[in-house]
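Report on one structure; see the data block that follows.
The values are calculated or read from the model by the stated rules, or taken from the named source; none is laboratory data. As the structure is a computational prediction, the values presented were derived from the model and not from experiment. Here the Cβ is made from the backbone with ideal geometry for all residues, glycine too, and neighbour counts use every protein chain on show.
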Amino acid sequence: KKKEPVKTVGFFQLFRYATCLEVLLMLIGLLCAGAHGVALPLMCVVFGEMTDSFVLSGHTANLTGISNSTIKKHPSKRIEAKMTEHAYYFVAIGAAVLLLGTFQVMLFLLTAAKQTKRIREKYFHAILHQQMSWFDTHQIGELNIRLTDDINTINDGLGDKICVFVQFFCTFIAGFIIGFIYGWKLTLVILAVSPLLAGSAAVWSIILATLTSKELSAYAKAGAVAEEILVAIRTVVAFNGQKKAVEKYEKNLIEAKNFGIKKAITTNVSMGLTQFIIFGTYALAFWYGTKLSVDEPENYSIGKVLTVFFSVMIGSFSLGQGAPNLESIAKARGAAYEVYKTIDMPRPIDSSSNEGHKPDHVKGDIEFKNIHFSYPSRKDVKILQGMSLKIPHGKTIALVGASGCGKSTTIQLLQRFYDPGSGEVTLDGHDIRSLNVCWLRENMGIVSQEPVLFGTTIAENIRYGREDATDEDIERAIKEANAYDFISKLPDKLNTMVGERGAQLSGGQKQRIAIARALVKNPKILLLDEATSALDTQSESIVQAALDKARAGRTTIVIAHRLSTIRSADIIAGFSEGKVVEQGTHRELMAKKGVYYSLVMQQGETGEESSETETPEGVMEMQMESGTFRRSLRRGSERRSSRKKSSKKKTPEIPFTKILALNKPEWPYLLVGTLASLVGGAVYPCVAILFAKIIGVFAEVDPDVKRQKTMMFSLFFLLTGAVAFVTYFFQGFMFGKSGELLTMRLRCQAFNAMIRQEIAWFDDNNNAVGVLTTKLATDASLVKGAAGSRLGLATNTICALGIAVIVAFIHSWQLTLLILACVPFLTAANFIQMRAMSGHASKDQSALEMSGKISTETVENFRTVVSLTREDVFFHKFIDSLSKPYQSSLCKAPIYGITFALAQAIPYLVNAAIFRFGAWLIARCYTEYENVFLVFSVIVFAAMNIGQSSSFAPDFAKAKVAAGRILLLLEKKPNIDIYDESGQRPTNFSGNIEFRDVQFSYPTRQNVKVLQGLNVSKIHFSVS
């Protein structure tokens, strides 16, 4: 198969679920972002004018060589007055930024929260109303990952990323406009390099979107494997299949890991290239700027050169900085493709539509006319081939035949889960395709082989049969289903919780509740699909009696493998090779000696054999019945209280060293990556020193010296660029690889730890399958953000700051002290932004896990939900579970907006203070202007570097929380440990099992005694 290009939705398509008001708010947000973007280039203009006034003060000194005393009198007043004016400009721009920044982020986060909620709802609604054939081809695990991960990705793309991109884009435009106004020649020279920057950003964003999308789908496979295993955990444990399960999961992770590594390398190579191109541009611009200022002094002063250079550079820079935001928009477009495709899918059989005829009453005459059918997922296998069958109302018809002959398919066609390829199914003479789907299913009650109960009370489970059922209706239904006795013995009676998938009840009890659920809507048609085949003889007779009672007066279709249960049917239809080959009563068909006769003979005349082998089990079930039931409990109230307690349990704070320790096996990668970061940290201070030196050159009077010095510094810029490229590449490769290896290992370990837990752990509501798969999908991949790359950022930051502060102190300690006094404000702004993020990280997680649980339960038991026509009930449950995280994200938006704006605005105010003080120092002759610039630029460049690093803050907050959750899981030692090698291993044993005075209660409900001194001796299992 050729590799298909990754499909994405169009950019505007992404916003298709926004209302007019939201579009308006987003437009306002974009306007604010645009205005915010203009602030930086405007600052460049102020900066340029300011530089001119500084340089003039320097020139006077150089040209006249007058004694210091005269300088003190003249330029000082002028430069201070000028600087005061410039300082006010800075403050004004800062205030505007504060206001605009708040609104741009707040509006976008608000609209994103609203849209995401809408998309989640629409997607879940679409899944609930898909036809069966769609579920045959889509794995359940994949759907849940789409509901969580993919929609979170879309949320990221809809949020503040866009307005931040627009902000950068406007900076880009404004920068170039200002550049052309102040000096078009220099702008054109710098522009010549810009296509390289823009081009590299574009290519990079495309490659990233492709890799991300592939990585997501590769992990979706592994997620589906994990879910499949966790759902069947009891079976896996019973067959000792844990090791095999873990291996299977691991195998599926490798592909995701490889894509992740490719992604990390691509990202960093492109960042390195960007840096190299930028530094190259620096070199070119300063060399050419000097040339211009020598050739045309009337047009180009240093201030203008700087204004042009910075406006244009900041303009190009901002394209580079905007690119990562494009990446998350590209990711969102990739994720939205599958989600929107599902929402838009045509649904030929749609239970939510109001179309179709709804007759006033149903008699119950059913007819299948010459039906041909094969399942859409395997078109080449013919299931029904010309099957015809007439079922008169009020009669019971039994369908018999070998496995795979089309009995269950017949029932599914009647419920209209599928439409036949040709032929028609009629109910009271109407083709069922002309009837309303929901109405049709509401008039049928179905009890299937594996009854599905939902994790709520018995009463609620029965109410799923009919929403408006009164308590009397429910009581009548449980009496008809022979369930009244056992339910009334339970401590909470109808309010007893049945556990996830009804795990707290025995098979017979689940089956009787399922029958009550089918009967509560008083259906005219009853479908029994092997309703007793999974039960032991004891329960079977009780359930069979209930079914016989239920059949009275209804059109009933029974499928049964145990033929003893259908002898009393009015008609028995024998199926063979997709056709009905014989019909009649038990007597008639026995006389015919056809399909039915041979099936009866195979089961041993009357089916006595089968019942004999099962008696011992039946007897035991009998003795335990009263126990089992007590166990089913007081648990409603208790489980609720335990859930409240456990959700309050806070994840412990994890020290950074402990997170790093997780990454220990990858230490060589980390070491090289950290060294690269160390060198990378020195890059920005070097650039700053070169920058100040170049401005210093302009005070030179001799043009040749000017040229010569500029040439030298320009070559240094190029060299710095090359170093930056190499360090980025090494950082990307090393941290990317170690991060992906860590993610993969953590996923394996976490999965291993889950599988290793005893069954009691899975009984706990906090460990429902949906919650666990969400943990595997998101937590492990979050942790890598906290380990390697975090270490790199820290090293980079410390190195940059260290060099910057030392250099600054050497050149002007007074100014450095002022700047350092301002640093707390800068870091505070970043810190507030971090806190605002992290507080919400854990809240959102738990709230979304709840909706994950609901969606998992619904999708896994989809057939039951559909045949009960309860899609809407589950849909509303899902919506309710979303309201909490939705409210919290609405509250979060303004907070995040203000902190973002603060972080953006503070630098402007700090600049005002620094230059105002710098002017004062120059005026008082404490320092020279070159030093003011050197100190300023060294620290500003270092701060820029740190600012870029700390923009990873949100990831770190979430990563710490995730690491905490994973470590808790990894450190949890189960009481029954399958990896424990100790204990005896008898070489031969005969299989005699004995229970001596066994006392037992389930760990989730300690106060309910299930076994109270059970003694059973010498059960000898013979293998027959």
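Some notes on this structure:
- Flag if residue 259 is under 21 Å from the mean Cα position of the chain (by Cα) and among the aromatic types (Phe, Trp, Tyr): yes
- Qualifying residue in the stretch 24-41 (condition: surrounded by fewer than 20 Cβ atoms within 10 Å (Cβ to Cβ), more than 24 Å from the chain's Cα centre (by Cα), within 30 Å of residue 303 (Cβ to Cβ) and at pLDDT 80 or above): yes
- Residue 934 being within 49 Å of the chain's Cα centre (by Cα) and assigned by TED's automatic domain parsing to the domain that holds residue 118: yes
- Conditions (1) surrounded by fewer than 22 Cβ atoms within 10 Å (Cβ to Cβ); (2) assigned to a helix (DSSP H, G or I): number failed by residue 388: (2)
- Those residues of the stretch 176-215 which are in contact with a Ser or Thr (Cβ under 7 Å, 6 or more places away or on another chain) and without any contact (Cβ under 8 Å) to a residue 40 or more places away in the chain, in sequence order: 180
- Residue in the stretch 354-363 that is free of Cβ contacts under 8 Å to residues at least 40 places away in the same chain and not in a helix (DSSP H, G or I) present: yes
- Scan of the stretch 120-139 for residues that are under 17 Å from the mean Cα position of the chain (by Cα) and buried (at least 21 other Cβ atoms within 10 Å of the Cβ), ordered by number: 120, 123, 124
- So residue 629, is it buried (at least 16 other Cβ atoms within 10 Å of the Cβ) and at pLDDT 75 or above: no
The rows are residues; the columns are (1) crowded, with 18+ Cβ neighbours inside 10 Å; (2) in a loop (DSSP other than H, G, I, E, B).
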position	(1), (2)
558	yes, no
568	no, yes
572	yes, no
581	no, no
588	no, no
596	yes, no
599	no, no
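- Looking across the stretch 227-245, the residues that are in a helix (DSSP H, G or I) and not charged (D, E, K, R) come down to 229, 230, 231, 233, 235, 236, 237, 238, 242, 245.
- Looking only at the stretch 369-393, residues that are closer than 22 Å to residue 522 by Cα and out of contact with any strand residue (DSSP E or B) (no Cβ under 6 Å at 6 or more places or on another chain) come to 1 in all.
- Exactly one residue out of 446, 366 is touching a strand residue (DSSP E or B) at 6+ places or on another chain (Cβ under 9 Å), in contact (Cβ under 8 Å) with a residue 60 or more places away in the chain and over 22 Å from residue 513 (Cβ atoms), and it is 366.
- Against the test of being modelled with pLDDT under 80, under 28 Å from residue 169 (Cα atoms) and part of a helix (DSSP H, G or I), the options 332, 323, 336 yield a single qualifying residue, 323.
- Qualifying residue in the stretch 81-91 (condition: among the aliphatic types (A, V, I, L, M), within 49 Å of the chain's Cα centre (by Cα) and either at pLDDT 85 or above or within 19 Å of residue 902 (Cα to Cα) (or both)): yes
- Whichever residue in the stretch 131-145 is assigned to a loop (DSSP other than H, G, I, E, B) and touching a residue at least 24 places away in the same chain (Cβ under 8 Å) and, among such residues, is nearest to residue 344 (Cα to Cα): 131
- Just one residue in the set 701, 705, 683 is in contact (Cβ under 8 Å) with a residue 24 or more places away in the chain, of a type in the set (A, V, I, L, M, F, W, C) and assigned to a helix (DSSP H, G or I); that residue is 683.
- Flag for residue 140 being modelled with pLDDT of 80 or more and under 26 Å from residue 215 (Cβ atoms): no
- Of the residues in the stretch 926-933, at least one is touching a residue at least 12 places away in the same chain (Cβ under 8 Å), crowded, with 19+ Cβ neighbours inside 10 Å and more than 27 Å from residue 799 (Cβ to Cβ).
- Of all residues in the stretch 457-477, those satisfying the criterion of being assigned to a loop (DSSP other than H, G, I, E, B), within 37 Å of the chain's Cα centre (by Cα) and surrounded by fewer than 18 Cβ atoms within 10 Å (Cβ to Cβ) are 467, 468.
- For beta carbons closer than 9 Å, sequence separation of 6+ or different chains, a first residue in the stretch 387-411 that is free of Cβ contacts under 8 Å to residues at least 24 places away in the same chain and a second that is part of a loop (DSSP other than H, G, I, E, B), the qualifying pairs are 403/561; 404/383.
- Matching residues, the stretch 135-191, being among the small types (Gly, Ala, Ser) and either in contact with a strand residue (DSSP E or B) (Cβ under 9 Å, 6 or more places away or on another chain) or more than 24 Å from residue 202 (Cβ to Cβ) (or both): 141, 183
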